[in-house]
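*Asks:* Quick one: the structure is below, and I'll ask about it shortly.
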Amino acid sequence: MTANWEIKTLDELVESTLIGLVKNKSEQGDNKAFMYIKMHNITADNKLDISKIVRVDALAEEVEKYKLSEGDFLFNTRNSHELVGKSCIFSMHQMQPILFNNNIMRIRFTPEVDSKFIAYSFSSQYISEQLESIKNGTTNVSAIYYSSLKNVAITYPPLSEQKRIVAILDEAFEGIDRAIANTEKNLANSRELFESYLNAIFTQKGDGWVEKKLGNLLGTLTDYHANGSYEILKRNVSLLDNDGYAYMVRSTDFENNFTNNLKYIDKHAYEFLSKSKVFGGEIIISKIGNAGKVYLMPSIDRPCSLAMNLFLLRTDVDQIRSDYLYFFLESRFGKVQISERLNGTTTKTIRKDGIRSLNILVPPLPEQKNIVNKLDSIVFETQRLETIYHQKLAALNELKQSILQKAFTGELTADTANQTIKAAQEANAA
């Protein structure tokens, strides 16, 4: 910290705080009078996103108390662990007042500090680490209370220097944010291109294509509970956090590419679960939660067994390849049918009879092989592009943190400012 910078607690720089207005779901709707900012409108990258904003009605005295003003600092006090502690500056020129809800704290600062300077500092690693240390709760629901927040240490220079830093960061981040938006668009386009090609394949039926019920194309449709009652399973199977004889295959393992947070079972449990052993190449379908999500089991170099809440499907290889079936179920034709067979309101499930009733387009086996080979090559190219885009996004976010580090350690001189803006421009052009 340079000589003319000060350090104070947040509370010493705050003029006023206010927790937002409580409005239950029955008071919300598109036909209501006022926009109503909620927790999810403050994003993980500390921005205000009103693309999914709700509206509420409010009394005149409520509007007067809870309407936002340009430059108000908004802080997420309660939300998922990821979003608690996220913040943003309110900057929306609207004729109609905009209100905020009771999981958000509005903070107004003394004239000693620029609210946008504080907002940028809350995106820095220095402040983020302090916020992380004062979170209370679980990964599902966390909170930061003002009794802890008020003690967060803020370093800041004189007001004129704050405004200079803000101006530099505004210009630099505008270029970086454009680069991020372009990269995210390219990432979405690559996925959409693959999905378009995938769907097109199944609209061009050739000679010899037939439609069959999935139940008539399977050799096996099983799950964890096919091995016995809950009581028997409990006596014979225990999940292990540390390395065991076999993997217990869960839906999260597919999302993590079988690289971390794996669960295991011992050899006795693996042999006991004889009806749900997994060897590779099977279709796996989620039964509950993310119901209907389809996976293709990769080849794993150790024994594997199916965890709860999943179905395992083995195809009749004389009729249909499992990799062809996977692509069909991932296409629009498969996904629409699966969604029609989901049961429940808040928690969706799918049953075996729903899976068996799916209508599958089945070409001759040689054509299935050709289709799979084409799609595999497109998947490879799509994944290659996605890797490049993800690496670029990571580099852009690292550039942001590097700029913030310079800004809040007093290193953002005229020379480093020019270098910073140039780096942002180059990132946007790349």
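The values are calculated or read from the model by the stated rules, or taken from the named source; none is laboratory data. Remember, it's a predicted structure, so these values are computed and weren't measured experimentally. Cβ sites come from the backbone with ideal geometry, for glycine too, and all protein chains shown count toward neighbours.
*Asks:* Given Lys67, Lys52, Lys47, Lys86, which one is under 23 Å from Gln401 (Cα atoms), surrounded by fewer than 19 Cβ atoms within 10 Å (Cβ to Cβ) and not acidic (Asp, Glu)?
*Replies:* Lys47
*Asks:* I need the full set of residues from segment 129-143 which are of a type in the set (S, T, N, Q) and buried (at least 17 other Cβ atoms within 10 Å of the Cβ), in order please.
*Replies:* Answer for segment 129-143, where residues must be of a type in the set (S, T, N, Q) and buried (at least 17 other Cβ atoms within 10 Å of the Cβ): Gln130, Ser142.
*Asks:* Which residue pairs have Cβ atoms closer than 9 Å, lie 6 or more positions apart in sequence or on different chains, and pair a first residue in segment 285-303 that is in contact (Cβ under 8 Å) with a residue 24 or more places away in the chain and over 16 Å from Gln337 (Cα atoms) with a second residue that is of a type in the set (Ser, Thr, Tyr) and in a loop (DSSP other than H, G, I, E, B)?
*Replies:* Ile288/Thr347; Gly289/Thr347; Arg302/Tyr245; Pro303/Tyr245
*Asks:* Conditions first: (1) surrounded by fewer than 20 Cβ atoms within 10 Å (Cβ to Cβ); (2) more than 21 Å from Ile19 (Cβ to Cβ). Phe109 passes all but one, so which condition is the exception?
*Replies:* Unmet for Phe109, out of (1) surrounded by fewer than 20 Cβ atoms within 10 Å (Cβ to Cβ); (2) more than 21 Å from Ile19 (Cβ to Cβ): (2).
*Asks:* Moving on to the next point. Looking at this structure, is Arg191 assigned by TED's automatic domain parsing to the domain that holds Gly410 and within 30 Å of Lys422 (Cα to Cα)?
*Replies:* The answer is no for Arg191.
*Asks:* In addition: Among Asn227, Asn186, which is closer than 26 Å to Ser377 by Cβ and in contact with a helix residue (DSSP H, G or I) (Cβ under 8 Å, 6 or more places away or on another chain)?
*Replies:* Answer to the check: Asn186.
*Asks:* Can you name every residue in segment 80-99 that is under 18 Å from Ala44 (Cβ atoms) and part of a strand (DSSP E or B)?
*Replies:* If the condition is that a residue be under 18 Å from Ala44 (Cβ atoms) and part of a strand (DSSP E or B), then Ser87, Cys88, Ile89 are the ones that fit.
*Asks:* Might you check whether a residue that is under 20 Å from Gly280 (Cβ atoms) and either touching a residue at least 40 places away in the same chain (Cβ under 8 Å) or in contact with a Ser or Thr (Cβ under 7 Å, 6 or more places away or on another chain) (or both) occurs anywhere in segment 340-352?
*Replies:* No, segment 340-352 has no match at all.
*Asks:* Still on this model: Can you tell which of Met35, Met1 is in the same structural domain as Ser124 (by TED's automatic domain parsing), at pLDDT below 95 and crowded, with 19+ Cβ neighbours inside 10 Å?
*Replies:* Sole residue among the options that is in the same structural domain as Ser124 (by TED's automatic domain parsing), at pLDDT below 95 and crowded, with 19+ Cβ neighbours inside 10 Å: Met35.
*Asks:* Going by the conditions given, is Arg108 in contact (Cβ under 8 Å) with a residue 40 or more places away in the chain, part of a strand (DSSP E or B) and touching a strand residue (DSSP E or B) at 6+ places or on another chain (Cβ under 7 Å)?
*Replies:* Here the answer is yes, as Arg108 does meet what is asked.
*Asks:* How many residues does segment 376-408 hold that are in a helix (DSSP H, G or I) and either among the basic types (Lys, Arg) or closer than 30 Å to Glu161 by Cβ (or both)?
*Replies:* 15
*Asks:* Follow-up. In segment 1-44, what residues are touching a strand residue (DSSP E or B) at 6+ places or on another chain (Cβ under 7 Å) and of a type in the set (Ser, Thr, Tyr)?
*Replies:* Matches in segment 1-44: Thr9, Ser16, Thr17, Tyr36.
*Asks:* Let me ask you something else. Return only the number of the condition from (1) at pLDDT 95 or above; (2) closer than 15 Å to Phe100 by Cβ; (3) among the charged types (D, E, K, R) that Glu15 does not satisfy.
*Replies:* Looking at each condition in turn, Glu15 falls short on (2).
*Asks:* Now, a different point. Just to be sure before I move on: is Phe73 at pLDDT 95 or above, of a type outside the set (Ser, Thr, Tyr) and crowded, with 18+ Cβ neighbours inside 10 Å in the structure I sent?
*Replies:* yes
*Asks:* Okay, moving on. Go through Ile338, Ile371, Ile355 for me and flag whichever is farther than 30 Å from Asn182 by Cα, surrounded by 16 or more Cβ atoms within 10 Å (Cβ to Cβ) and within 25 Å of the chain's Cα centre (by Cα).
*Replies:* Ile338
*Asks:* Which pairs do you get when a residue that is surrounded by 14 or more Cβ atoms within 10 Å (Cβ to Cβ), found in segment 376-402, comes within reach of a residue that is basic (Lys, Arg) and not in a helix (DSSP H, G or I), reach meaning Cβ atoms under 9 angstrom, with the pair 6+ apart or on two chains?
*Replies:* Cβ pairs passing all conditions: none.
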